[in-house]
Amino acid sequence: MELAGTDEPQIGSVVDGVIDGEFEGGYLVTMKFVSQVLKGVLYLSVKRPRCQPQETMGTPPSGMPPASQRPAKKKARVTTVVDPQKPKCYKSGYNFFFPELYARLKPEYHGVEIIITMMIGPMWGNLYESEKQVYQDKGVKDVERYRTEMLEYKSAHEAGASASAAAATVTQ
């Protein structure tokens with residue numbers, strides 16, 4: 001029901017479109033109408049059911065008080081001390097691909113960054129091996145960087161540990 005000579009979309013107009021990505025609540029689309037290219041989000045009007053509730057839900061096992069009467073469990077906090085001189089772990093090829101693509105897509109999908117992160121995984125899976133190899137090579141170089149830095153780190157700490165142990169025995 002397209003009107004001849006109109007450059008503005010009207011209700012009921014026929015448009016060509018491509019689904020660029022899918023997320024839990026809908027689709028990212030690119031629509032073409034005459035000379036305009038429109039990018040947007042189509043939201044699903046019906047939410048997909050996550051899971052069916054159990055019939056016995058709400059009734060605790062026999063002999064157990066309801067959740068509202070049970071004492072809250074406290075989680076033990078575990079703090080780990082990280083040495084700031086320790087080398088950062090290596091990145092995989094995907095870890096090099098992700099920020100590059102994210103930076104390219106962010107201006108197009110401003111305000112829906114979570115959708116970008118959901119799109120990048122399938123895009124990585126759809127890359128040709130030759131395209132992936134560029135990023136995989138960066139990952140291999142980073143593994144080598146990590147190994148050399150780790151060897152230097154360990155040798156420096158072993159030398160420091162043996163020196164401090166020797167100093168401790170001298171002072172006693």
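The values are calculated or read from the model by the stated rules, or taken from the named source; none is laboratory data. These numbers come from a predicted model, not from an experiment. With ideal geometry, Cβ positions are generated from the backbone for all residues, glycine too; neighbour counts draw on all protein chains shown. The area values use the complete protein model at the heavy-atom level, side chains included, leaving out ligands, DNA and RNA. Shrake-Rupley method; radii C 1.70, N 1.55, O 1.52, S 1.80 Å.
For region 119-133, the condition of being within 30 Å of GLY26 (Cα to Cα), surrounded by 12 or more Cβ atoms within 10 Å (Cβ to Cβ) and in contact with a helix residue (DSSP H, G or I) (Cβ under 6 Å, 6 or more places away or on another chain) holds for at least one residue.
For region 64-91, which residues satisfy the criterion of being farther than 30 Å from TYR153 by Cα and either within 29 Å of the chain's Cα centre (by Cα) or modelled with pLDDT of 85 or more (or both)?
Correct list: LYS75, ALA76.
Taking region 16-41 as the range and being surrounded by 14 or more Cβ atoms within 10 Å (Cβ to Cβ) and either more than 26 Å from the chain's Cα centre (by Cα) or more than 22 Å from THR117 (Cα to Cα) (or both) as the test, the residues that pass are GLY17, MET31, PHE33.
The numbered conditions (1) touching a residue at least 60 places away in the same chain (Cβ under 8 Å); (2) within 23 Å of THR30 (Cα to Cα); (3) open to solvent by 50 Å² or more (accessible area, probe 1.4 Å) are all true for VAL112 except (3). Note on region 100-140: residues that are of a type outside the set (D, E, K, R), in contact with a strand residue (DSSP E or B) (Cβ under 8 Å, 6 or more places away or on another chain) and part of a loop (DSSP other than H, G, I, E, B) amount to 2.
Could you go through region 99-109 and let me know if any residue there is closer than 27 Å to GLY40 by Cα and in contact (Cβ under 8 Å) with a residue 40 or more places away in the chain. Scanning region 99-109, I find at least one residue that is closer than 27 Å to GLY40 by Cα and in contact (Cβ under 8 Å) with a residue 40 or more places away in the chain, so the answer is yes. Residues of region 72-96 that are without any contact (Cβ under 8 Å) to a residue 60 or more places away in the chain, of a type in the set (Lys, Arg) and within 17 Å of THR148 (Cα to Cα): LYS88, LYS91.
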